[in-house]
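Trainee: Here you go, one structure.
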Amino acid sequence: MIWNKAFECASRTEMRKLQSERLGKLVRYLWAKNPLYSKRFAEQGIKPGMIRDIRDIKKLPFTVKEDLRDSYPFALFTDYKNTTEIHVSSGTTGNPTVVGYTKEDLKLWSEVMARTLALAGAHPGDMIQVAYGYGLFTGGLGFHYGALEMGLKVLPTSSGVTKRQLKLMADFRPRLLACTPSYALYMLDEARALGLDPRNSSWEIGIFGAEPWSDPMRRQIEEAWGMAAYDVYGLSEIIGPGVAQECPAKCGLHLQWDVFFPEVIDPVSGQEVADGERGELVITTLTKRGIPLLRYRTRDLVSINYDRCSCGRTTPRISKIVGRTDDMIIVRGINVFPSQVEYVLLKIEGTAPHYLLVVDRKNNLDVLEVWVEVDQKMFSDEIKQLHALESRIKNEIDGVLGIDVTVKLVEPRTIERSEGKAKRVIDKRGLYS
Ligand code: DLL
C-alpha cells in the first residue's frame, strides 16, 4: 500500500513546482522569524525574492551541527512559543542537540511515519511492537505517532526488558517489530537462551535503523527470525525516523522529498556530486515550523538514485548509509562523538590529550573501551590513586555519553601518534557494508 500517492508518486515536474513554492515560503518565514538565518541572509546579500525555484537552493547557506550547539538550548527555534514537544540527541561536546516540534510538525512527523510504515508493508489494523527507546530519543515516539496515524495497534514496549518483549510477542502475536538492528540480534540470543525457536516468532516485518548495519546482518536477522528486514533512516535534527525508508524492492531508501529536500555534495568542496556518486547528504526541511533547517549537513555518506522504483513510487532513493564524514560512532543506539570524551578529559588534570575509543560487539552487545593516556607523573603514582582516577574518568564520561564505558589508563606514549588527523576511534564491528 502507498500511503500518500499524491506526494509519493508525483511526477518530477509536479514535485519541482511544489518544492519551489515551499522553499520560497520557507525562506520568507526564516527571514521574518529567525534571527540567525536573517542575519546570514543579510550578510550574504540574499533577499527572499531571489529564491523562486528549487534550484535556487544553491544560493542559500549550509547549516551545520555546530549551529545547533552554539544556539543551545533554544536560540535556533523559529517558533518557540508554539513548541509542543522537545527531543534531544548527542551534541559534539558537553551539551545535547535540542530539537522542538510544533503541533503542525507533529502532524508532519505522523504523516511521514505512516508513509514509512506503509513502505515496509504495514496495513491498518496490524499490531506493531515498538522496541525503540521512548523518551528523549526520537525512535519510540516517532514510530508511535506513525502507527497511530495509520491505525495500527501499538505495543509500546520501548527497548530493554528482553524477556518481557519475547513473552508479549509470543502472546500477542504482533506482525511488525521496530527496533535497532543490534537489538533484533540481541533478542535472538536471548530467545535461544530461553529455549525458544525464533522461527516461530510472529514478526513478519522488521523496521530497523538508527545505526549502521550491513547486508550480512540483514541476512542473519531475516533467516533467524523468519521475517523481512527493512532499513529506516532519519535524524533528530530533521525530524527523527521518517526521512527515508526501504520498500520490499530493497533497492535503496525512499526519501520523502516533498518535505525533506535532498542534495548530495562533495563534503570538501560543497559542490553537488553526480547522481549515483557517493557524497554527504544535505537536507532542507521544506515545511517544518518549530526548527526548520536550511541545507543541513547530515555528515552521513550516501548516493542517490532518481529512477522510478518497481514499487511505483517516484521518490528518490538513497543508498544505505555507507559512512560518515566525521568520526561519530553509534554505541548501543547512542551517538558518540570523540569530542565529547575530549571535553571530559580536558577538565581532568593529569590526562594527556591522547585517547582512543575502541568499540566492539560481544554477544551482540556493543562495548566501548576508552583508552586514556596519563602523564608520567600520574603513572608513577600508587595503584590506589590510579584506580581513583580511572573511576573518576569513567563516571564523568558515562555522565556525558549516557552509556556505560570501560576506562583503561595507559602509559605515556602508548597511543599511536598521527602526523595528520588524529585517529580517535577503532571500530571492530565492521558495520558499513
Ligand atoms: O537515530 C533517528 C532514528 C530513530 C532513525 C529510529 C531510525 C530509527 P539520531 O539519534 O539523531 O536519530 O541519530 C541520527 O544516526 O545521522 C546516522 O548517522 C545514524 N542513522 C540513523 N539511521 C541510520 C541507518 C535517529 N538506517 C544518526 N543506517 C544519523 C545508518 C543511521 N545510520
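Trainee: So if I take the centroid of the Cα atoms in the range 6-66 and the same for the range 259-314, what is the distance between those two points in Å?
Mentor: 14
Trainee: For the chain, the longest stretch holding no GluC sites (Glu not before Pro) located in a DSSP loop with at most 14 other Cβ atoms within 10 Å is which?
Mentor: Maximal segment without exposed cleavage sites: 1-276.
Trainee: For the cross-link pairs Lys167/Lys394; Lys47/Lys288; Lys153/Lys250; Lys39/Lys288, which exceed 27 Å when the distance is taken from alpha carbon to alpha carbon?
Mentor: Among Lys167/Lys394; Lys47/Lys288; Lys153/Lys250; Lys39/Lys288, the Cα-Cα distance tops 27 Å for Lys167/Lys394.
Trainee: Counting Lys and Arg as +1 and Asp and Glu as -1, what is the net charge of the other residues whose Cβ lies under 15 Å from the Cβ of Leu117?
Mentor: -3
Trainee: Just flag the chymotrypsin sites (Phe, Trp or Tyr not before Pro) in the range 327-391 sitting in loop per DSSP whose Cβ has no more than 16 other Cβ atoms within 10 Å.
Mentor: Here no loop site has a sparse enough neighbourhood.
Trainee: How charged is the neighbourhood of Ala75? Take every other residue with its Cβ under 15 Å from the Cβ of Ala75, and add Lys/Arg as +1 and Asp/Glu as -1.
Mentor: +1
Trainee: Still on this structure, I have one more. How much accessible area per residue does the range 157-219 have, counting only protein heavy atoms and a probe of 1.4 Å, in square angstrom?
Mentor: 42
Trainee: Test of understanding: express the Cα radius of gyration of the chain as a ratio to 2.2 N^0.38 Å, with N the residue count.
Mentor: Computed over Cα atoms of the chain, the ratio equals 1.02.
Trainee: Once the Cβ-Cβ distance between Ala388 and Arg278 is put in as r, and R0 is 45 Å, what FRET efficiency do you end up with, to the nearest 0.05?
Mentor: Given R0 = 45 Å and the Cβ-Cβ separation, E is 0.45.
Trainee: Sticking with this structure for a sec: Tell me, how many Å apart are the Cα centres for the range 340-418 and for the range 119-183?
Mentor: Result: 36 Å between the Cα centres.
Trainee: Please report, as a whole percent, how much of the solvent-accessible surface of the chain comes from carbon and sulfur atoms (probe radius 1.4 Å).
Mentor: That share works out to 51 percent.
Trainee: How much accessible area per residue does the range 41-150 have, counting only protein heavy atoms and a probe of 1.4 Å, in square angstrom?
Mentor: 40
Trainee: Accessible area per residue, 1.4 Å probe, Å², for the range 331-427: what's the number?
Mentor: That works out to 57 Å² per residue.
Trainee: Another one. Residues with beta-carbon under 10 Å from that of Asn34, excluding Asn34: net charge, scoring Lys, Arg +1 and Asp, Glu -1?
Mentor: Net local charge, Asn34 excluded: +2.
The values are calculated or read from the model by the stated rules, or taken from the named source; none is laboratory data. Please read these numbers as outputs of a predicted model, since none were measured by experiment. Cβ sites come from the backbone with ideal geometry, for glycine too, and all protein chains shown count toward neighbours. Areas reflect the complete protein model, heavy atoms only, side chains present, ligands, DNA and RNA absent. Shrake-Rupley method; radii C 1.70, N 1.55, O 1.52, S 1.80 Å.
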